[in-house]
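Quick note: the coordinates plus some simple rules give every number you see, no bench work behind them. Please read all numbers here as calculations on a predicted model, not as lab measurements. Using ideal geometry, Cβ is built from the backbone for each residue, glycine included, and neighbour counts are taken over all protein chains shown.
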Amino acid sequence: MKILAPVDGSAYTKRMLAYIAAHDEWLGGQHSYTLLNVQAAVPPRAAAVIDKADLKAYYETESEKVFKPIRAFFAKQGVTPQFLAKVGHVADIISQQADKGGYDLVVLGSHGQGSLMNLVMGSVATKVIAQCKQPVLLIR
């Protein structure tokens, strides 16, 4: 199964990884993982005065801060995932990548913050479920 796992380095990402590690059926050669980190874009006015190479380096550094402990986690599990960093609106990028990459499943840690409707799942999770054509497994 081809699995897209959006990660942001939060406690909810750690819960998702703990869930994967606790269930042997999620690890092994039958699944391939792509870990996706989406960085919010720097506001356009600020981005206009920042050197493009510096801005790119900033996004890469921020994504690597998220990926570093996850690389160690998967190395301990004996799994070699792909790592993908994007910039933009989180829910939109996740659903676009899920479609574009032909993934079978999106595994997502849920924050559960926001308005009453979003209190249960989180605003990003709600939008991903609404926009994704693939099944979404929420880990809370």
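Close amide H contacts of LEU137 (hydrogens built in the peptide plane, cut-off under 5 Å, sequence separation of 5 or more or a different chain): VAL106, VAL107, LEU108. Per-residue ellipticity at 222 nm, computed for the chain from helices alone with -39500 (n - 2.57) per DSSP H run of at least four residues, works out to -15500 deg cm²/dmol.
How high is the relative contact order of region 2-139, given as a whole-number percent (alpha carbon pairs under 8 Å, six or more residues apart)? List each step's numbers first, then the result.
Values: 202 pairs, mean separation 45.0, N = 138.
Answer for region 2-139 is 33 percent.
Here the 3J(HN,Hα) profile of region 123-140, calculated from phi with Karplus coefficients 6.51, -1.76 and 1.60 at θ = phi - 60°, is 5, 5, 4, 4, 5, 5, 4, 5, 8, 7, 8, 7, x, 10, 9, 8, 10, 10 Hz, Gly and Pro shown as x. Annotation: amide H of PHE83 within the under-5 Å range of LEU35, sequence separation 5 or more or interchain, hydrogens built in the peptide plane. Highest GNM mean-square fluctuation among ALA91, ALA11, ALA22, for the chain modelled with Cα contacts below 10 Å: ALA22.
Dipole magnitude of the chain about its Cα centre, charges +1 at Lys/Arg Cβ and -1 at Asp/Glu Cβ only, in debye to the nearest 20?
On the way: 15 positive and 11 negative charges, 21 e Å.
Taking the Cα centre of the chain as origin, the dipole is about 100 debye.
Amide H contacts for GLN39 (H built 1.01 Å from N in the peptide plane; partners 5 or more residues away or on another chain; cut-off under 5 Å): LYS86, VAL87, GLY88. Starting from the Cα gyration tensor of region 1-67, take the square roots of the eigenvalues, sort them a ≥ b ≥ c, and report rounded, prolate or oblate (rounded when a/c is under 1.5, otherwise prolate if a/b is larger than b/c, else oblate). Judged from the Cα gyration tensor, region 1-67 comes out prolate (a/c at least 1.5, a/b above b/c). Taking θ as phi - 60° and the Karplus parameters 6.51, -1.76 and 1.60, the scalar couplings of region 89-96 work out to 6, 4, 4, 5, 5, 4, 5, 5 Hz in sequence order, x denoting glycine and proline.
Can you pick out the pairs among LYS76/LYS127; LYS2/LYS52; LYS52/LYS76; LYS2/LYS65; LYS52/LYS133; LYS2/LYS86 whose Cα atoms lie more than 30 Å from each other? Exceeds cut-off: LYS76/LYS127; LYS2/LYS52; LYS52/LYS76; LYS52/LYS133. Residue by residue, region 31-37 carries 3J(HN,Hα) couplings of 10, 10, 10, 10, 9, 10, 10 Hz when phi is fed to the Karplus relation 6.51 cos²θ - 1.76 cosθ + 1.60 (θ = phi - 60°); x denotes Gly or Pro. Cα-based values for the chain, radius of gyration first and Dmax second, are 15.4, 49 Å.
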